[in-house]
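Student: First the structure, then my questions, so here it is.
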Amino acid sequence: MTKRDYYEILGLNRNASEEEIKKSFRRLAMKYHPDRNQNDKVAEEKFKEAREAYEVLTDSRRRAAYDQFGHSASEAGGGFGGGMGGMNFSDIFGDIFGDIFGGRGGSGPQRGADLRCNLEITLENAVFGMTSELTVPTLIACSDCGGSGARKGASPVTCQDCNGYGQIRIQQGFFSVQQTCPTCRGQGKVILDPCSSCRGKGRRKQNKKLSVKIPAGVDTGDRIRLSGEGEAGEHGAPPGDLYVQISVKQHPIFEREGNDLHSEVPISFVIAALGGELDVPTLDGRVKLKIPAETQSGKVFRMRGVGVTSVRGGSKGDLLCKVTVETPVNLNSTQKDILRQLEKSMSDDNKKYSPRSSSWFDRVKKFFEDMKS
């Protein structure tokens, strides 16, 4: 069977650069690799064919022999054909796929860490918004070295152990393993003359003061992101972000539930029985709440449009007022006599004046009668 031209296999011209050869092989290897094509003989052969072409064309000596003699170069002692040609298979994948799995270029300077701080605010500030001043302990870029970590006038130099890649390769039998370079810790550069202010770290601790705008409608659990206000990155890398976690204090009158506000309103026995009007507070001021006659304790009145508008938008919520009939206390003898007279006047027809209690007593009576039978 006639062997195909190596350049044709990789889809390249004969003057292709080594980088173009690697790029073409990467594409074919990813497509035809046996791990991706289980029990596919055609794909396996194509992978072997591309691998052989790559081995030869990335070796300057063997490529020169192939360019002059073609496939017959192996017969003339060129030393290539179907074998590995003295090149370790793991080296091929270290070069070709190293950048995919982090083997090329190292990790470089690391972005600064994100920070989080808690901010407790009142319900009024949460509903209407505010501006708050925060003091956040953080790491900022060293002003003396500009964050580089090197003394002024000096610069970091390329790490000699990893040649600036940030990673080193350790051979383990058939495979080679990529590991972070212990000398530069993945930076690719080392500081020989460190800055005296930050001791080569490129960062220093400082309490940073920030002005944070809290938008109207926030609630407990909401988080505000301040881009770039986190810790400074290592050796000039971008800073992280600051997240402000909102917590709303308990309010003496209102309780928030979504966009609605809830409030408990105590009313007198007389207002509950005869009806009346009350001034009730809202976050926007006072409003009149009309209490109809014969209102029972626990009745909820909805006042539309005096609640909260969420930070996420939508319509304004309502205020739900739950009335509680308050039992009179500290009565004098005259007041007590009046109540006894009232009770006596209603005792002849209790079902008319107190239907719920009459109904309850009837059910209790039946319960005990059923127990006896």
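The values are calculated or read from the model by the stated rules, or taken from the named source; none is laboratory data. All figures in this text were calculated on a predicted structure; none of them were measured in a lab. All Cβ positions, glycine included, derive from the backbone under ideal geometry; neighbour counts span all protein chains shown. In case anyone asks, the SASA skips ligands and DNA or RNA and just uses the protein heavy atoms, side chains included. Shrake-Rupley method; radii C 1.70, N 1.55, O 1.52, S 1.80 Å.
Student: List pairs: first in the stretch 180-197 and within 14 Å of I168 (Cβ to Cβ) and part of a loop (DSSP other than H, G, I, E, B), second open to solvent by 50 Å² or more (accessible area, probe 1.4 Å) and modelled with pLDDT under 85, Cβ under 6 Å, 6+ apart or cross-chain?
Tutor: From the stretch 180-197, the pairs are C181/D161; T183/D161; G186/S107; G186/T180.
Student: Please find, within the stretch 203-231, the residue that is most open to solvent (accessible area, probe 1.4 Å) out of those that are under 26 Å from G146 (Cβ atoms) and assigned to a loop (DSSP other than H, G, I, E, B). If you could, list the steps in order and put the result at the bottom.
Tutor: As a first pass, look at the stretch 203-231 and keep what is under 26 Å from G146 (Cβ atoms): 203-211, 226-231.
Subset that is assigned to a loop (DSSP other than H, G, I, E, B): 227-231.
Numbers: S227: 81, G228: 30, E229: 56, G230: 3, E231: 40 Å².
Top of the filtered list is S227.
Student: Same structure, new question: Checking E124 against (1) within 26 Å of the chain's Cα centre (by Cα); (2) within 30 Å of P281 (Cα to Cα), which test does it fail?
Tutor: Here E124 clears every test but (1).
Student: Just a yes or no: is a residue in the stretch 169-176 closer than 21 Å to Q110 by Cβ and surrounded by fewer than 21 Cβ atoms within 10 Å (Cβ to Cβ)?
Tutor: Initially, the stretch 169-176 is screened for residues closer than 21 Å to Q110 by Cβ, giving none.
No, because not a single residue in the stretch 169-176 is closer than 21 Å to Q110 by Cβ and surrounded by fewer than 21 Cβ atoms within 10 Å (Cβ to Cβ).
Student: Can you tell which of G240, G200 is at pLDDT below 85, more than 30 Å from V306 (Cβ to Cβ) and part of a loop (DSSP other than H, G, I, E, B)?
Tutor: Just one listed residue meets the conditions, G200.
Student: Next question. Before we move on, is G305 farther than 14 Å from P266 by Cβ and without any contact (Cβ under 8 Å) to a residue 12 or more places away in the chain?
Tutor: So G305 fails the test.
Student: Taking the residues in the stretch 19-58 that are exposed (fewer than 12 other Cβ atoms within 10 Å of the Cβ) and within 43 Å of the chain's Cα centre (by Cα) as candidates, determine which candidate is nearest to S72 (Cα to Cα).
Tutor: Going through the stretch 19-58, the residues exposed (fewer than 12 other Cβ atoms within 10 Å of the Cβ) turn out to be 19, 35, 38-39, 41-42, 45.
Cutting the leftovers down to within 43 Å of the chain's Cα centre (by Cα) gives us 19, 35, 38-39.
Numbers: E19: 26, D35: 32, Q38: 33, N39: 32 Å.
Looking at residues that are exposed (fewer than 12 other Cβ atoms within 10 Å of the Cβ) and within 43 Å of the chain's Cα centre (by Cα), I get E19.
Student: (1) of a type outside the set (V, I, T); (2) at positive phi; (3) free of Cβ contacts under 8 Å to residues at least 12 places away in the same chain: which one isn't true of G146, the others all being true?
Tutor: Of everything listed in (1) of a type outside the set (V, I, T); (2) at positive phi; (3) free of Cβ contacts under 8 Å to residues at least 12 places away in the same chain, G146 misses just condition (3).
Student: Tell me the residue from S263, S297, S359, S268 that is of a type in the set (G, A, S), under 30 Å from I224 (Cα atoms) and under 60 Å from the mean Cα position of the chain (by Cα), please.
Tutor: After ruling out the rest, the residue left standing is S263.
Student: Just need a number here: residues in the stretch 248-259 that are assigned to a strand (DSSP E or B), open to solvent by less than 50 Å² (accessible area, probe 1.4 Å) and not aromatic (F, W, Y).
Tutor: So the count comes out to 2.
Student: Check whether at least one residue in the stretch 108-119 is polar (S, T, N, Q), on the phi < 0 side of the Ramachandran plot and modelled with pLDDT of 80 or more, and report yes or no.
Tutor: yes
Student: If you don't mind, another one. Within the stretch 25-50, how many residues are part of a loop (DSSP other than H, G, I, E, B) and either closer than 20 Å to L12 by Cβ or among the charged types (D, E, K, R) (or both)?
Tutor: 4
Student: Mind checking which residues of the stretch 17-58 are within 19 Å of F69 (Cα to Cα) and in contact (Cβ under 8 Å) with a residue 40 or more places away in the chain?
Tutor: E49, E52, A53, Y54, V56, L57, T58
Student: Collect the residues in the stretch 253-291 that are among the aliphatic types (A, V, I, L, M) and free of Cβ contacts under 8 Å to residues at least 12 places away in the same chain, keeping them in residue-number order.
Tutor: Quick first cut of the stretch 253-291, residues among the aliphatic types (A, V, I, L, M) only: 253, 261, 265, 267, 270-274, 278, 280, 283, 287, 289, 291.
Listed by number, the list holds a single entry, V270.
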